[in-house]
Every structure is written in C-alpha cells, then in structure tokens.
C-alpha cells in the first residue's frame, strides 16, 4: 500500500469555550495548509470524554468546533471535516497500538500529570491512555504531518515512537508501514497564555472567563478582557531579549503579532517604549477586526445544526474510506484473520 506524500491530520476537542488560543495556535493555520496538503480535520469527541461530559453539551460543542472550522475558511468539499467517533478505526487501531506502546513511555507524559493533579488515582484510564489514541488518530490515516502546539509535541514524539516500534516489531528495520509524522509548528503565537497569568496556557477550563477571549465574545467583551488583562507597570520593552523576562507583556505582544501576521520584533518596533494604555486599545481594535467576521459566521452556522451534522456525516464517510483499507492492512500485518 503506497504511503501518502503530504497528508495532514489534526483535531480540536469539543469541550466548550473555544478561545483565541485554539484559533491562533491551531484552527487559523489549518486553512493555509489546504493549499499544500491533503487535510483531515477532526473534532476529537472521543478524547473529550476522558473527563466526564454532559452528553447534550458534547453534541453542541462538537457542532461549535465544526462551525469554527468552516467559518475560519476550511472547505469541507475539498478536505475532510469529521468527528472522531464517526470512524471506528480510531478505537480499533488504538487497541493494537496499546499493545505496542510501553507503560514507561506513558508514565513520562507530563500532560497527564498536569491534568490529573493530586487526584491521579481517580483519573480515568482514558485520560492516562489518550496519547495512544492520539497516535491512532494520526496513524489511522498514515498522516505525514501534524500541526501541533508546543504542549502537544511530546505526544507527537510518542506517536513517532509507537509507529517506529510497530514497523520494527512486525516488518523489521528495512520496512515501514507507518510513516513517522512530522510536527508543523507555525506562527508567533503557537502557545497563547492566560490573560490573568502569563505563565499559564489560555484554557477552556480556567474558572475565570476573564482569562480567555472566546470565539463567541462580542467586541465589547473582547475590549473589556484586554483592558483588564494582567500586565506589569513598565512600558513595553524595545528588544526581544527584554520581552522574554516579562510573561504578560510577551503574551500580549505575541497575540498582536499573530493577529497582524507580523513578528514580535516588528510589534516592538511600533509600540516599544509606550505604555499599556496605548498598546491595549490597539490590540483590542485589532482583535475585534480579525475575530468579528469569524464570530459572525460561526453564529450563522450554529443556527443550522442540520447542516453541520450533514458536514460531519459526509466527512465521516470520506474519512472511513481512507481509514478502512489502512486498518485492514494492519489486521493482516499483525495476524488477525
């Protein structure tokens, strides 16, 4: 079976409150990749249930992510938009890969330790094991490239390790069925931080709504959140070196740079030496300008859940048509009859 040359897979969890970090770190970049790659963009609802989800909210949130994909500019006719649970190959391949992955590898995954916290013994097996499901998501399609944020690089490295061990265990060192997927990390704001704490990632789960700009916020809400974003009393620095020592300033400059399609040095050239009283209104205006059309289009799409469900159904069929022959070959390789 010939391996694909340029196939991208990525996904977003449907856990509500899609925010600026999801857009700048992932969804926005998905659009450009359509011009150069064969793309599969997944709503990873199976990952979402590693922690309990209200079933109705999960369905609504799945449609929200689908709407965000389309509103951002992903064309469901030319590429594949689907939800993970539509394609049973993900779960079946995950079991095979569970028998290839090593417990020691999973024990090194830092994100499980962060998410489980002090209640590790009460965490679900799914939360512990979801990096293997993530590997299955990618390898189900023999994807060659995965756009990831900095926090997911470790999981992609695990997917590469699992693919390599599968190839070695079943085919020997001179053959490879699964490609080793490469990361695509793009843009100046791959890791958007909380507006309340520049040392923590912007998160859907943060109890403070002021910590994030969501993709459903109004212009007034965006302006309010940026105005109240935590900063220090000093003016913006004029060098990147000085910016590194100031996490809140670095975060806001990075957001501006990403929204304006420029680098941080260019932002400092324009605003360095000025106070946040001048910079924050400029950032609020830019964020409103860039996010307003996206928010409006998402609202229109979410008002037609039947259309979104149809997109997911068609996408699931297209994804299955790619995944099923690959899974069939995996069954043959491991000796299933």
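The values are calculated or read from the model by the stated rules, or taken from the named source; none is laboratory data. These numbers come from a predicted model, not from an experiment. Reconstructed Cβ throughout: ideal geometry from the backbone, glycine too, with neighbour counts over all protein chains shown.
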Applying the selection to segment 96-110, what residues are loosely packed, with under 14 Cβ neighbours inside 10 Å and outside any loop (DSSP other than H, G, I, E, B)? 103, 104, 107, 110
Within segment 29-56, which residues are in a helix (DSSP H, G or I), out of contact with any strand residue (DSSP E or B) (no Cβ under 7 Å at 6 or more places or on another chain) and closer than 20 Å to residue 315 by Cβ? 31, 32, 46, 47, 48
Single match in 283, 327, 291 (criterion: touching a helix residue (DSSP H, G or I) at 6+ places or on another chain (Cβ under 9 Å) and not assigned by TED's automatic domain parsing to the domain that holds residue 253): 327
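One line per residue, one yes/no per condition, for (1) on the phi < 0 side of the Ramachandran plot; (2) touching a residue at least 60 places away in the same chain (Cβ under 8 Å); (3) assigned to a helix (DSSP H, G or I); (4) not assigned by TED's automatic domain parsing to the domain that holds residue 162:
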residue: 11; (1), (2), (3), (4): yes, yes, no, no
residue: 58; (1), (2), (3), (4): yes, no, yes, no
residue: 62; (1), (2), (3), (4): yes, yes, yes, no
residue: 77; (1), (2), (3), (4): yes, no, no, no
residue: 90; (1), (2), (3), (4): yes, yes, yes, no
residue: 94; (1), (2), (3), (4): yes, no, yes, no
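Going through 161, 197, 169 one at a time, which residue ends up being in a helix (DSSP H, G or I) and either touching a helix residue (DSSP H, G or I) at 6+ places or on another chain (Cβ under 7 Å) or under 28 Å from residue 53 (Cβ atoms) (or both)?
Of the residues listed, the single one that is in a helix (DSSP H, G or I) and either touching a helix residue (DSSP H, G or I) at 6+ places or on another chain (Cβ under 7 Å) or under 28 Å from residue 53 (Cβ atoms) (or both) is 161.
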Looking at (1) surrounded by 20 or more Cβ atoms within 10 Å (Cβ to Cβ); (2) in the same structural domain as residue 280 (by TED's automatic domain parsing), which is the only condition residue 195 fails? (2)
Listed residues 126, 117, 149; which is more than 17 Å from the chain's Cα centre (by Cα), at pLDDT below 95 and farther than 16 Å from residue 48 by Cα? 117
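Residue by residue, here is whether (1) assigned to a loop (DSSP other than H, G, I, E, B); (2) surrounded by fewer than 18 Cβ atoms within 10 Å (Cβ to Cβ); (3) in contact with a helix residue (DSSP H, G or I) (Cβ under 6 Å, 6 or more places away or on another chain) holds:
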site: 206; (1), (2), (3): yes, no, no
site: 210; (1), (2), (3): no, yes, yes
site: 217; (1), (2), (3): yes, no, no
site: 223; (1), (2), (3): no, no, yes
site: 229; (1), (2), (3): yes, no, no
site: 232; (1), (2), (3): yes, yes, no
site: 237; (1), (2), (3): yes, no, yes
site: 251; (1), (2), (3): no, no, no
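Scan 318, 280 and give me the residue that is surrounded by 15 or more Cβ atoms within 10 Å (Cβ to Cβ) and touching a strand residue (DSSP E or B) at 6+ places or on another chain (Cβ under 8 Å). Working first, answer last.
Numbers: 280 fails: touching a strand residue (DSSP E or B) at 6+ places or on another chain (Cβ under 8 Å).
The conditions single out 318.
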